[in-house]
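The values are calculated or read from the model by the stated rules, or taken from the named source; none is laboratory data. What you are looking at is a predicted structure, and each value in this text was computed from that prediction instead of being measured. Virtual Cβ from ideal backbone geometry, glycine too; neighbours counted across all protein chains shown.
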Amino acid sequence: MSTQTTSSASAPIESIARARRWPQEVNILLVLLGIALLFELLGWFIQGQSFLFNYNRLQIMILQVAVIGIIAVGVTQVIITGGIDLSSGSVVAATAMIAASFAQSSDWARVIYPSLTDLPFFVPLAVGLGVGLIAGITNGALIAYTKIPPFIATLGMMVSARGISRWYTNGNPVSGFTDDFVLIGDGLGRWMPVVIFLAVALIFHIALRYTRYGKFTYAIGANQQAARVSGINIERHLVKVYAIAGLLAGLAGVVAIARIKTAQAGMGMMYELDAIAAAVIGGVSLAGGQGKITGAVIGALILGVMISGFTFLRVDAYYQDIIKGGIIVAAVVVDQYRQRRRKKS
């Protein structure tokens, strides 16, 4: 009788303690602050100057994060379903090359098309989004209806999209964009990419947390068979998720070329791995069914702070890749440990 009383009394205490735990995103945010503070201290000791309190450095860092962050928002949703998308970087490149050809000023484009006039900025934007959407739908359809593993399907798209980016202009860069198009990456005092990134993150944070789309996404990742039994059309929803990931990769490609004012076939190299790393560092489980957009945003910021910090301290790029790879592996190990603890409890 006393044992039952003790266990019944401890149950509410355990539930209260569990309820008082910080959200996982708070822990990740503390990691971000710790990394930033570490670079600040190292900056004063090694370089004799501040890392954080430099407007130009912060702007460059956040602008770089914005492009990867847009991709990471889409990749996060794919990972939550239990899938993976390796094609994001190549889709960025294909989108960039094709959209750039529609964004050229007539002064440049008349060399090839003498009668061409400037197109409104929304035309190359729509073309870029369309290219990304087609790539995403193709990925989703292959995965959903042919049952090809996501790794293989998106790997094939990665190779194909990279080939398209090189074939479209024979590997030649494209530049000479119209002033209206450049504003997509250079407006609001150069902060436009950040505004776009935050808007995208907010939209899909709301979609995942408060809409049926989000409930279906988490349900598929948690237990696909149970989701099917509950009436969810798995195939159709997977196509939607991968289509959104492709659409956001296309948007990232348009924002990137508008910011740097040129498009090259080699753009987007390793972007997909950076986006996956941002999601995993942000607490998105590779097992599926868990993760939040806010975590992915913080994860992208952690990557951005690290890359900027290493560059600030003049750490060789090769060492940066080694350290980044180690952090990715560590994040996966932590995720696996968290999964085992959750299963035991």
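Using the structure shown, decide if Ile281 is over 12 Å from the mean Cα position of the chain (by Cα), surrounded by 21 or more Cβ atoms within 10 Å (Cβ to Cβ) and touching a residue at least 60 places away in the same chain (Cβ under 8 Å).
Judged against the criteria, Ile281 is not a match.
The rows are residues; the columns are (1) of a type in the set (A, V, I, L, M); (2) under 14 Å from the mean Cα position of the chain (by Cα); (3) on the phi > 0 side of the Ramachandran plot.
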residue: His237; (1), (2), (3): no, no, no
residue: Gly246; (1), (2), (3): no, yes, no
residue: Ile257; (1), (2), (3): yes, no, no
residue: Leu273; (1), (2), (3): yes, yes, no
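Within region 29-59, how many residues turn out to be of a type in the set (Asp, Glu) and in contact (Cβ under 8 Å) with a residue 24 or more places away in the chain?
Residues that pass the stated criteria total 0.
Inside region 1-115, counting only helices (runs of 4 or more DSSP H) that do not spill past its ends, which hold 2 or more residues that are at pLDDT below 90, of a type outside the set (Phe, Trp, Tyr) and more than 30 Å from Tyr242 (Cα to Cα)?
2-20, 24-42, 55-80, 106-109
For region 258-274, name all the residues that are buried (at least 22 other Cβ atoms within 10 Å of the Cβ), assigned to a helix (DSSP H, G or I) and among the hydrophobic types (A, V, I, L, M, F, W, C).
Ala258 - this is the single residue of region 258-274 that is buried (at least 22 other Cβ atoms within 10 Å of the Cβ), assigned to a helix (DSSP H, G or I) and among the hydrophobic types (A, V, I, L, M, F, W, C).
In the set Leu202, Leu133, Leu155, Leu183, which member is in a helix (DSSP H, G or I), out of contact with any helix residue (DSSP H, G or I) (no Cβ under 8 Å at 6 or more places or on another chain), in contact (Cβ under 8 Å) with a residue 60 or more places away in the chain and not aromatic (Phe, Trp, Tyr)?
Every option except Leu155 fails the conditions.
Checking Tyr168 against (1) within 18 Å of Ala265 (Cβ to Cβ); (2) surrounded by fewer than 16 Cβ atoms within 10 Å (Cβ to Cβ), only one condition comes out false. Which one?
Evaluating Tyr168 over (1) within 18 Å of Ala265 (Cβ to Cβ); (2) surrounded by fewer than 16 Cβ atoms within 10 Å (Cβ to Cβ) leaves (2) as the failure.
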